[in-house]
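Pasting a structure here, questions to come.
The numbers here are math on the coordinates, done by the rules we state, and not lab data. Since we're looking at a predicted model, the values are computed, not measured. Neighbour counts are summed over all protein chains in view; Cβ atoms, including those assigned to glycine, are modelled from backbone coordinates with ideal geometry.
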Amino acid sequence: KKISRVIKMKRFGQVFRVAPSLQRIPTGSFAAAAKKKSVVKPPKVNYTHKLESSSTTPEIKPFQVIDLNGDVVSPEYENIDQDLLIKMYTTMVKLNEFDKIFYDSQRQGRISFYMTHFGEEAINIGSAAALDDQDVVFPQYREAGVLMWRGYTIDQFANQLSSNNLDEAKGRQMPVHYVSSKLNWQTVSSPLCTQLPHAAGSGYAFRIQGIPRVAVTYFGEGAASEGDFHAAMNFAATLKSQTLFFCRNNGYAISTPIQDQYAGDGIAPRGLAYGMNTIRVDGNDVFAVYNAVRQARDYIIQEKKPCLIEAMSYRYGHHSTSDESSLYRSSDEMKYWNDINNPVIRLGKYLSKKGWYDEAEDAKIRKNLRTEILTALKKAEKVLKPKPLDLFEDVYDKMTGNLKEQYTDLKFQLNKYPEHYGLDKYEPDE
């Protein structure tokens, strides 16, 4: 009876329906609550009596530790020990060789899709090394190096890219849409910027639960034009989420250059506009990225507030295997970033000057890595695809009526016309 009962109230000439839960509150309670309210004083405002307008913000300069020649320009931040730095460099090389082989394998028709990280190796490995493995990553799609640093094996990558039965997502995701709950890595999602609100919410949960973890989310400067970017930034700033927003400003949103993407000074000023601690960094300098992320993480944990990092870099590979970037940029432009302002080459020069690495060692490591990666690819290609009828599992806890109907229809089709579905490539259904 209480549920069906509705009270109508008139206010400002309109009729409102009051929920049953509100009907049970004594009338006097509202008046009592109103009396207890503290009086909020208006904030003090410093007015000006001169009408002025502004269309610019102060320049935010990118932080740099080593220059293009591998020389140290900020000695205070030359703070990565030899063993860790060698590991970072070899992982950057590993990611580089991995990209070359799997890009070529797509061109050969062995996998259906791929995205490289050429030019953004320092962003991947520098940030990964500075984070804690318990920090939860909400990736975009060009952060496989972060996952690689955390221990995702070459075999696991190859299985996902081949969509075989050993893929953790059971072959249901596009290639490069990795997932690993064990490594605190959320599934890659194709739609732009959907991961940012999730990261804002996750960081908020960490704060209110008193957990010393960070939710870190990566995105490009093109994704920052999405509405979800602004919603996530505002939520995180006002709710004080333990969230690190990491923008990879690589110059192009597929074929859209930055001059057609925004009129302001990049993405960093937007962090300031939301009242968020903001850092701009040379994204091709692994020292700078490492120090910026480490400082940002310490700030987030200690102050219980979010932070934005904008890493200025360049994507000198194609956006994906569906793209041909020579149609919208010059070969001279790509050659400069590949040969001169290359993060792997820059760190290699630093290591060489330190006497910690040489070309012979580099060639040996690259050769061994190529052998390991090619072996993993060949092995993954021989593994059967998941059972076709597994398609309907894991959507709901229990299969719904419409899914049961679709399951039955597909099973009928597979049994009646097996020759049309190439079932020899799939695990047999029981």
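Which of rounded, prolate or oblate describes region 222-374 when judged by the alpha-carbon gyration tensor and an a/c cut-off of 1.5?
oblate
Roughly speaking, what is the centre-to-centre gap between region 113-157 and region 159-210 when only Cα atoms are used, to the nearest Å?
The two parts, judged by their Cα centres, are 12 Å apart.
Between His319 and residues 5 or more places away or on another chain, which pairs have amide H atoms under 5 Å apart, with H built 1.01 Å from N, and which residues are they?
Here Ser325 satisfy the definition.
I've got another one for you. Taking amide H atoms as placed 1.01 Å from N in the peptide plane, list the residues 5 or more away in sequence, or in a different chain, whose amide H sits under 5 Å from that of Ile279.
Those qualifying (amide H under 5 Å, at least 5 residues apart or on another chain) are Leu308, Ile309, Glu310.
Need one number: % antiparallel among DSSP beta bridges in the chain, to the nearest 5.
Antiparallel bridges make up about 25 percent of those DSSP assigns within the chain.
To continue, here is another question. Could you give me the radius of gyration and the Dmax of region 67-208, taking only the C-alpha atoms into account and expressing both in angstrom?
Final numbers for Rg and Dmax: 16.5, 50 Å.
Taking 8 Å as the Cα distance limit and 6 or more residues as the minimum spacing, I'd like the relative contact order of region 97-173 as a percentage.
Taking the mean separation of contacting Cα pairs over the length of region 97-173, I get 21 percent.
Can you work out ³J(HN,Hα) from phi for every residue in region 100-109, in order, using Karplus 6.51 cos²θ - 1.76 cosθ + 1.60 and θ = phi - 60°, giving whole Hz and x for Gly and Pro?
Those phi angles translate into 4, 5, 7, 5, 5, 5, 5, 5, 8, x Hz.
So, one more: So if I place +1 on the C-beta of Lys and Arg and -1 on the C-beta of Asp and Glu, and nothing else carries charge, what would the dipole magnitude of region 324-430 be about its Cα centre? I want it in debye, nearest 20.
In total the dipole reaches around 600 debye.
Let me see the pair-distance distribution of region 105-181: every alpha carbon pair, 10 Å bin width, integer percents in order.
Values per bin, smallest distances first: 18, 50, 28, 3.
Follow-up question, since we're still on this one. Among Met88, His49, Pro191, whose Cα lies farthest out toward the positive end of the dipole of the chain, if unit charges sit on the beta carbon of Lys, Arg (+1) and Asp, Glu (-1)?
His49
Related question: Given a cut-off of 28 Å, name the pairs among Lys100/Lys382; Lys61/Lys349; Lys61/Lys364; Lys379/Lys404 whose C-alpha atoms lie farther apart than that in the structure shown.
From the list (Lys100/Lys382; Lys61/Lys349; Lys61/Lys364; Lys379/Lys404), the Cα-Cα distance tops 28 Å for Lys61/Lys364; Lys379/Lys404.
Near Gly145, within a Cβ-to-Cβ distance under 11 Å, what is the net charge of the other residues, with Lys and Arg +1 and Asp and Glu -1?
Local net charge: -1.
Additional query: Considering only Tyr204, Val40, Ser255, whose Cα is most displaced toward the positive end of the charge dipole of the chain, charges sitting on Cβ of Lys, Arg (+1) and Asp, Glu (-1)?
My answer, from the dipole projection, is Val40.
How do the peptides 115-121, 400-406, 250-256 rank, highest first, by the average count of neighbouring beta carbon atoms within 10 Å per residue?
115-121, 250-256, 400-406
Hey, what did region 32-179 get for relative contact order, percent, Cα under 8 Å, at least 6 apart?
Contact order relative to length: 15 percent.
Classify the chain from the C-alpha gyration tensor, please: rounded if a/c falls under 1.5, else prolate or oblate depending on whether a/b exceeds b/c.
oblate
Please list, in order along region 237-244, the HN-Hα scalar couplings obtained from phi with the Karplus expression 6.51 cos²θ - 1.76 cosθ + 1.60 (θ = phi - 60°), rounded to whole Hz, x for Gly and Pro.
Each residue's phi maps through the Karplus curve to give 5, 6, 8, 6, 7, 7, 10, 9 Hz.
Ranked highest first by average number of other Cβ atoms within 10 Å, how do 339-345, 139-145, 352-358, 280-286 line up?
The packing order, highest mean first, is 280-286, 139-145, 339-345, 352-358.
Something else about it: If Lys and Arg each add +1 and Asp and Glu each add -1, what is the summed charge of the other residues whose beta carbon sits under 12 Å from the beta carbon of Pro175?
Spelling it out: positives minus negatives among the neighbours equals +1.
Would you tally the net charge around Tyr407, using a Cβ to Cβ cut-off of less than 14 Å, leaving Tyr407 out, and scoring K and R as +1, D and E as -1?
-3
Where the only charges are on Cβ atoms (+1 Lys, Arg; -1 Asp, Glu), what is the dipole of the chain about its Cα centre, to the nearest 20 debye?
3140
Decide, for region 52-125, between rounded, prolate and oblate: order the square roots of the alpha carbon gyration tensor eigenvalues as a ≥ b ≥ c, take rounded if a/c falls under 1.5, and otherwise choose prolate if a/b is larger than b/c, else oblate.
Because a/c hits 1.5 or more and a/b fails to exceed b/c, region 52-125 counts as oblate.
Using Cα pairs closer than 8 Å and at least 6 residues apart in sequence, work out the relative contact order for region 350-430, in percent.
Value for region 350-430: 35 percent.
Towards the positive end of the charge dipole of region 104-197, with charges on Cβ (+1 Lys, Arg; -1 Asp, Glu), say which of Ser105, Phe118, Pro139 has the farthest Cα.
My answer, from the dipole projection, is Ser105.
Let me spell out the model: positive unit charges on the Cβ of Lys and Arg, negative unit charges on the Cβ of Asp and Glu, origin at the Cα centre of region 205-283. What dipole size does that give, in debye rounded to 20?
The dipole magnitude comes to about 420 debye.
Based solely on its DSSP helices, what 222 nm [θ] is calculated for the chain when runs of n ≥ 4 H residues each add -39,500 (n - 2.57) and the sum is averaged over all residues, nearest 500 deg cm²/dmol?
-13000 deg cm²/dmol
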